[in-house]
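Just below is one structure, and these are the notes that go with it.
The values are calculated or read from the model by the stated rules, or taken from the named source; none is laboratory data. What you see is a predicted model, and the numbers here were worked out from it, not measured in a lab. Note that we place each Cβ from the backbone using ideal geometry, even for glycine, and neighbour counts take in every protein chain shown. These accessible areas exclude ligands, DNA and RNA; they are computed on the full protein's heavy atoms, side chains included. Shrake-Rupley method; radii C 1.70, N 1.55, O 1.52, S 1.80 Å.
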Amino acid sequence: MYKIAQKALFLMDAEMAHGVGIKALKTGLYPPHRQKFSSLKRSLFGFEFPNPVGLAAGFDKNAEVIPAMLNMGFGFVEVGTVTPKPQSGNPKPRIFRDIGSKALINRLGFPNVGLESFKKNLEAFRHWEEHAHEAIVGVNIGMNKDQSDPVEDYKLLIRELSDHASYLAVNISSPNTPGLRDLQKKEALAPFLDELLKERDAQDYHRPLLLKLSSDLTEAEQEEVAKVVMKAGIDGLILTNTTCERPAGLDEKFSRETGGLSGQPLAAKSTDMIRNFAQLTGGKLPIIGVGGVASVKDAQDKLEAGASLLQLYTGLVYEGPGLPNRICKGLDVAKRNAA
Ligand SMILES: Cc1cc2nc3c(=O)[nH]c(=O)nc-3n(C[C@H](O)[C@H](O)[C@H](O)COP(=O)(O)O)c2cc1C
């Protein structure tokens, strides 16, 4: 069924197709795939995750389709990136597909409705039905393009969103906001995280604070970042965001587009980084593994490398909405076979 819809969607510009998908999901008519797998439950950050497969940031930027994504079988959903003020992002077109390599390149630049509308959407979700407050919904936060003092934007978002977010994901790894990734540098990162943690601790609800990192950090940078995050005392890492590299094998025209590459060509690179950080932190910092997860094997690779939870985005585009549930089924079978 999705294969037919996919043919039509692939005839459209990638961002337009995404918009059509969001509209369809908003109708609430989408058939639920959600199944329960008691073998896949895990406790982390003070929550019980029904399964480890989450929706990665960027798909539901404005917190509009959380119920549909939970119904699709995701164990948790990360919404955003949200910035304090609404912004329109970079000129279109700004999302590109390479069907052959099951990859996307995006240079969106955080288009989103801004804090005020985002917060309304999230609050509406939390009041949507009796159990909505139990759902695990992380909020991915970022800075506006014109902000000269990034820490102010992040602090504002922590203050305003801690009530309704299950966790906060600090995004300093998108390649499409100038200067953003410089916050990952050792000298900038330690004082930045200290300020954010102080702000987090000043709220009524002390939400877990996770840091989302780029897959383009060198080994030396990874070592430095690992030391800083351990010392700062954040709650976890999300590894990884997209890459600016262009591995061999991509369609030539596609490969020339500027932006962050996601999907299958990112899988091994992000898994390597997960393994490295698991070692560097002695397994003490929970890792959400993301990057090219599109099959049970991809999921197992990341869990074996040291991830406690997973996320995916690009896999949905190529494998369809049955993917989270298919991965859960496969993990469940593997677990029972191993027992
Ligand atoms: C179109 C698109 C938009 C994205 N937007 C965001 C975003 O707003 N914030 C963020 O932290 N990551 C964003 N990402 C990165 C994803 O969350 C994820 O880290 C990355 O795509 C790797 O996972 P995947 O291969 O499963 O897509 C975006 C990815 C894509 C493809």
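Any idea which residue in segment 315-339 is surrounded by the fewest Cβ atoms within 10 Å (Cβ to Cβ), counting only those that are within 14 Å of the ligand (Cβ to nearest atom) and of a type in the set (A, V, I, L, M, F, W, C)?
Filtering first and then ranking leaves Leu316.
Name the single residue that is nearest to Pro93 (Cα to Cα) among those in segment 18-34 being surrounded by 14 or more Cβ atoms within 10 Å (Cβ to Cβ) and in contact (Cβ under 8 Å) with a residue 12 or more places away in the chain.
Across segment 18-34, the extreme among qualifying residues is His18.
Out of all the residues in segment 189-213, which are in contact with a helix residue (DSSP H, G or I) (Cβ under 9 Å, 6 or more places away or on another chain) and part of a helix (DSSP H, G or I)?
The answer is Leu189, Ala190, Pro191, Phe192, Leu193, Asp194, Glu195, Leu196, Leu197, Lys198, Glu199, Arg200.
Show the residue pairs that are 6+ apart or on different chains and have beta-carbon atoms under 6 Å apart, the first residue being within segment 310-326 and under 11 Å from Asp298 (Cβ atoms), the second being more than 9 Å from the ligand (Cβ to nearest atom) and of a type in the set (A, V, I, L, M, F, W, C).
Leu310/Val53; Leu310/Ala299; Gly315/Leu323
Filter segment 293-314 for residues that are near the ligand (Cβ under 10 Å from one of its atoms) and buried (at least 24 other Cβ atoms within 10 Å of the Cβ) and give the result.
Val293, Leu310, Gln311, Leu312, Thr314
For residues that are open to solvent by less than 10 Å² (accessible area, probe 1.4 Å), within 15 Å of the ligand (Cβ to nearest atom) and not aliphatic (A, V, I, L, M), tally how many sit in segment 35-61.
Going through segment 35-61 one residue at a time, the tally reaches 3.
If you check Glu64, Glu78, which single one turns out to be open to solvent by 30 Å² or more (accessible area, probe 1.4 Å) and under 19 Å from the mean Cα position of the chain (by Cα)?
Glu64
Restricting the search to segment 162-181, which residues are within 19 Å of Val137 (Cα to Cα) and open to solvent by less than 10 Å² (accessible area, probe 1.4 Å)?
Ser162, Ala165, Ser166, Tyr167, Leu168, Ala169, Val170, Asn171
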